[in-house]
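Please treat every number below as a calculation from the coordinates, not as lab data. From a predicted model like this one, the values you see are computed outputs, not experimental measurements. Methodologically, a virtual Cβ is constructed for each residue, glycine included, from the backbone with ideal geometry; neighbour enumeration extends over all protein chains shown.
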Amino acid sequence: MEKKIKYLIVGGGVAGTTAAETIRQKDDAGTVAIVSDEPYRFYSRIMLSKPNFFLEKIPFEQVWLKDEAWYGKNRVELLAGRKAIKLDSAGKTITLDNGDILNYEKLLLSIGGCARPWPIAGAEKRGIFYLRTLDDAKGVISMVKTSKQAISVGGGFISFEMCDMLRLAGIDVTLLLRESYFWEPMLDETSGRMIEDALEKGGVKIMRNTEVSEIIGENAVEAVITKKGEKIPCQIASVGIGVFCPFTWVAEAGVKVNRGILSDEYLETSVPDIFVAGDSAEFKDLVLGEQIQLGNWVNAQMQGRTAGLNMTGAKNLFSMVSFYTTQGFGITIGFVGDVRPEKDRLIISRGSKEMNSYARLLLKDGKLMGATLINRTQELGPLSKLIEKRTNLAGKESELADVSFSLANLLK
């Protein structure tokens, strides 16, 4: 089957759905279609890592962010359970896994990121979850009711939130870190140890410098064996070892890619009429003055809006300061801006482990690039503004390090 679509969107998550909604507000007549490799309409990925959802303290129905009727009412065709496998940028076509060919005028790639597969034999067994999809979440919800032990592999937001949920469910949890502390090298050791202290107080056993060599169990995971020979019984294995973006089919069509799909400040790729938004976008960040790739909900939502507007003929720049927060085990963790500890960054510590309140401010050429915060998320506001305004902080290093000094004073 061959079909003509004015606005074709690959990816039915927050970036793609927001783009479709935005397009329809600007163009009432043009055909809009979303291709989604999941069999579901738009749902909240944020909820997938929240304890109240897993423990069924809130109705499952709250996960849906659009009802079935929304698509019909807005004349947005949802091709659910279909995967885009080939892009012909010259002929302006996308080929789906069922052989259908879709002709487009404007294309949005909002394909997100895939969980990096666990490179171990037996990683397909029942009870092993990556928590990227609603099916993963459904599996965990059902397993939590009968499981006694779990492992969580990797350090990061998802791993932290999964440990929290599993402990609240009364399950024994062992956290396996390949590194020497939590979230190395993204965080410094002080930050990592503060998170570890909270996890351990919450009953999580942490094994550092540890990797799994074998998964025990016929069809379902029953235990894992580490490379040091330790056996850890578990019925659930939550795996969060990073995000992998398979862009081969996009690159083969002549679209420039790096870690993500490269775009300019308008979210248009190297090929005219092809746009990108969300976790898969490596975009020109006007605030920070660098190419950057981010994986969070608010960023994806706002990029979907900008890309949707620009697909309808607008020329809107994408500009925002991204942030992400989470809480659990009695602490709050926040990231704002670009938190990569690159060699050209000056890192200033604010607070201390002893105060149980600690931040790292990352500066480049006197300008704030990003910050990581533990129990200091009240400073997210002024820090976001300092990044956004490109405030020159050269010579202000002692004030930035002084917790008694209000960061808001630097905005005056």
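Helices in the chain that qualify as membrane-span-like (whole DSSP H runs, Cα extent of at least 20 Å along the helix axis, mean Kyte-Doolittle hydropathy of -0.5 or higher) are 297-311.
Around the amide H of residue 376, modelled in the peptide plane, lie the amide H atoms of 358, all under 5 Å away and 5 or more residues distant in sequence or on another chain.
In plain terms, if you count all Cα to Cα distances in the stretch 317-363 and split them into 5 Å steps from zero, the share in each step is 5, 16, 22, 23, 19, 10, 3, 2, 0 percent.
Rg/Rh for the stretch 295-412: what does it come to with C-alpha atoms and Rh from Kirkwood? Reported Rg/Rh (Cα atoms, Kirkwood Rh): 1.03.
Per residue, the chain reaches -6500 deg cm²/dmol at 222 nm when only DSSP H runs of four or more residues are counted, each adding -39500 (n - 2.57). Taken along its three principal axes, the alpha carbon spread of the stretch 10-138 comes to 44, 36, 19 Å, from the longest extent down to the shortest. Proximity of backbone amide H atoms, modeled 1.01 Å from N, is registered between residue 206 and 175 at under 5 Å, excluding neighbours fewer than 5 places apart on the same chain. May I have the pair-distance distribution P(r) for the stretch 198-281, computed from all Cα-Cα distances with 10 Å bins from 0 and rounded to whole percent? The percentages, shortest bin first, are 14, 29, 16, 21, 20, 1.
Using a cutoff of 8 angstrom between alpha carbon atoms and counting only pairs six or more residues apart, the relative contact order for the stretch 151-242 works out to 32 percent. Binning the C-alpha pair distances of the stretch 348-412 at 10 Å intervals from 0 yields a P(r) profile of 22, 63, 15, 0 %, listed from the shortest bin outward. Using only alpha-carbon positions in the stretch 265-339, the gyration tensor eigenvalues give semi-axes of 27, 12, 10 Å once each is multiplied by 5 and square-rooted (largest first).
Counting only pairs 8 or more places apart or on different chains, how many lysine pairs in the stretch 11-95 have C-alpha atoms closer than 27 Å?
Working: 26/66; 26/73; 26/92; 50/66; 57/66; 66/83; 73/83; 83/92.
The number of close lysine pairs in the stretch 11-95 is 8.
Would you mind pulling out the separation of the Cα centroids of the stretch 1-40 and the stretch 278-309, in Å? If you average the Cα positions of each part, the centres end up 18 Å apart.
The residue list 260, 291, 121 was ranked by how far each Cα lies along the charge dipole of the chain toward its positive end, using unit charges on Cβ atoms, and 291 comes out on top. In the stretch 279-412, Cα pairs under 8 Å separated by at least six residues give a relative contact order of 19 percent. Its Cα centre serving as origin, the chain has a Cβ charge dipole (Lys and Arg +1, Asp and Glu -1) of approximately 400 debye.
Rounded to the nearest 20 debye, the dipole magnitude of the stretch 94-213 is 440 debye, with +1 charges on Lys and Arg beta carbons, -1 on Asp and Glu beta carbons, and the Cα centre as origin.
Given in Å, the Rg to one decimal and the Dmax to the nearest whole number for the Cα atoms of the chain are 22.3, 66.
Our summary gives the chain a relative contact order of 15 percent, counting only alpha carbon pairs under 8 angstrom and 6 or more residues apart.
Every Cα-Cα pair in the stretch 116-239 was counted, and those over 18 Å apart are 48% of them. Partner aspartates and glutamates whose Cα lies under 13 Å from the Cα of residue 148, excluding those fewer than 8 positions away in the same chain, are identified as 172, 222. Restricting to the chain, compute how many DSSP beta bridges are antiparallel as a %, nearest 5. Antiparallel bridges: around 55 percent, rounded to the nearest 5.
Within straight-line reach of residue 364, meaning a Cα separation under 24 Å, sit the following lysines at least 8 residues removed in sequence or on another chain: 284, 343, 385, 389, 396, 412. Each Lys and Arg contributes +1 and each Asp and Glu -1, all at the Cβ; summed about the Cα centre of the stretch 88-149, the dipole is approximately 500 debye. Farthest toward the dipole's positive end in the stretch 323-411, which of 407, 378, 347, given Cβ charges of +1 (Lys, Arg) and -1 (Asp, Glu) about the Cα centre? Looking along the dipole axis, the top candidate is 347.
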